[in-house]
Amino acid sequence: MWDDRERRGLNAVLESGKWWYGEKVREFEEAFAAFQKGKYCVTTSSGTTALETCLLALNIGAGDEVIVPAYTFMATASAVMRVGARPVFADVNPDNYCVAPDSVAAVITPRTKAIMPVHFAGMMADMDRLGRIARKHKLLIVEDACHAWGTIWKGAGGTGVVGAGTIGDCGCFSFQASKNITAGEGGAILTNDEKLANICRSYANCGRNANTPWYQHFLMGSNLRLTEFHAAILLAQLSRMPKHTAKREENAKLLNKWLREIPGLYPVPDDKRVKPRSYHLYCIRFEPKEFGCSRSLLIKAAQAEGLALVPGYPMPLYKQPMFVDRPGYKNICLPGTEKLCDESALWFRHFLLLGTESDMRDIAKIFCKIHAHASELTA
């Protein structure tokens, strides 16, 4: 979605003649840090490069292990491999799609250096329990918050109110085209550690340091910079985020109420510690035997009714081609993840939650209609 705010911002950059990594980038970084209740923001070219930059800045590399959920986009794991470390897969809770703390604790070894929880679809992983695990084992936490712009965590007995991405050592965000706030591409790193922020910025800006000669390079950095055009779009996008987040939450609350009345449909439950919640995806745990038909038949029928329902990731990350032939990944079976991939995951995307109450009723009616005729469905 866009309007004159994006046009004015882009034209202002165009006409200024200053297109590269300047005032607009700094303005967005300050605005986004404040929006997420963090101290420091470093923009990058993507959410993927944000993750890679954080790992490098935390000195994670060859010989280290990083625990990641097996149900997530490939970049969570590939970022670990890109810095020479080894991703170790933990299971997820199929009720909320987020990494299960007990599974994280079970795969810690002497080589474990960090935990990388994913705040899937805008719902936050249990940062209270993960924080305790990390402190006990002296582990770093890198939050993959690429779905969690504006999500707030009220943990630690209700005394702490912090933004996603600001609880661990650092957190990463994506502004890719499918995201709730987008400039087509782009990413960001948040941290409350000034030294870590400076190291991340150096890695993203060709290894330069602040206030040093231009052609002095202190780290083996890369060019991961955001442009002024991207920043102008993101500033405009950020301005409508609070209104959109509230609307998505309002509509999700209606859907949760209506869909829970249908056997076999279990929307992701609320967590009193998460408010607001960004809803990058609306996710459901689907139980075929209770509903009366297979997931594939439900999806086919829903799509025929005009609802862009999808089954989510087709396989756990450890079954992706890049892992199946690698030592150590052949005999993994994580039941929560397997359940979501095989039969239980259902998603639709965030923009549907910007509709009207009537639209939400239509979505609920589609599920009711399919449930009523589930026994009649054929492939």
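Brief remarks on what is shown
- Residue match in the range 250-269 (condition: in contact with a Cys (Cβ under 7 Å, 6 or more places away or on another chain) and farther than 30 Å from Ser294 by Cβ): no
- Lone unmet requirement of (1) without any contact (Cβ under 8 Å) to a residue 40 or more places away in the chain; (2) closer than 18 Å to Phe323 by Cβ for Met74: (1)
- Scanning the range 103-117 for residues that are among the aliphatic types (A, V, I, L, M) and surrounded by fewer than 21 Cβ atoms within 10 Å (Cβ to Cβ) yields Ala105, Ala106, Val107, Ile108.
- Members of the range 201-211 that are at pLDDT 95 or above and over 23 Å from the mean Cα position of the chain (by Cα): Ser202, Asn205, Cys206, Gly207, Arg208, Asn209
- Subset tally (residues that are surrounded by 22 or more Cβ atoms within 10 Å (Cβ to Cβ) and over 17 Å from Ser174 (Cβ atoms)) for the range 14-49: 1
- Residues in the range 53-74 that are within 21 Å of His147 (Cβ to Cβ) and surrounded by fewer than 23 Cβ atoms within 10 Å (Cβ to Cβ) were compared, and the one that is nearest to the chain's Cα centre (by Cα) is Phe73.
- Scope the range 222-256; condition under 30 Å from Arg82 (Cβ atoms) and within 21 Å of the chain's Cα centre (by Cα); matching residues: Leu224, Arg225, Leu226, His230, Ala231, Ile233, Leu234, Leu235, Gln237, Leu238, Met241
Results for (1) at pLDDT below 95; (2) within 23 Å of Gly122 (Cα to Cα); (3) of a type in the set (D, E, K, R), shown as yes or no for each residue.
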position	(1), (2), (3)
Pro288	no, no, no
Ala302	no, no, no
Lys330	yes, no, yes
Leu334	no, yes, no
Leu340	no, yes, no
Ala345	no, yes, no
Leu352	no, yes, no
Glu357	no, yes, yes
His373	no, no, no
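- Taking the criterion of being free of Cβ contacts under 8 Å to residues at least 40 places away in the same chain and either among the polar types (S, T, N, Q) or more than 30 Å from His244 (Cβ to Cβ) (or both), the residues of the range 339-372 that qualify are Asp342, Thr356, Ser358, Ala372.
The values are calculated or read from the model by the stated rules, or taken from the named source; none is laboratory data. Quick caveat: nothing in here was measured; it's all calculated off a predicted structure. All Cβ positions, even for glycine, are placed from backbone atoms using ideal geometry, and neighbour counts span all protein chains on display.
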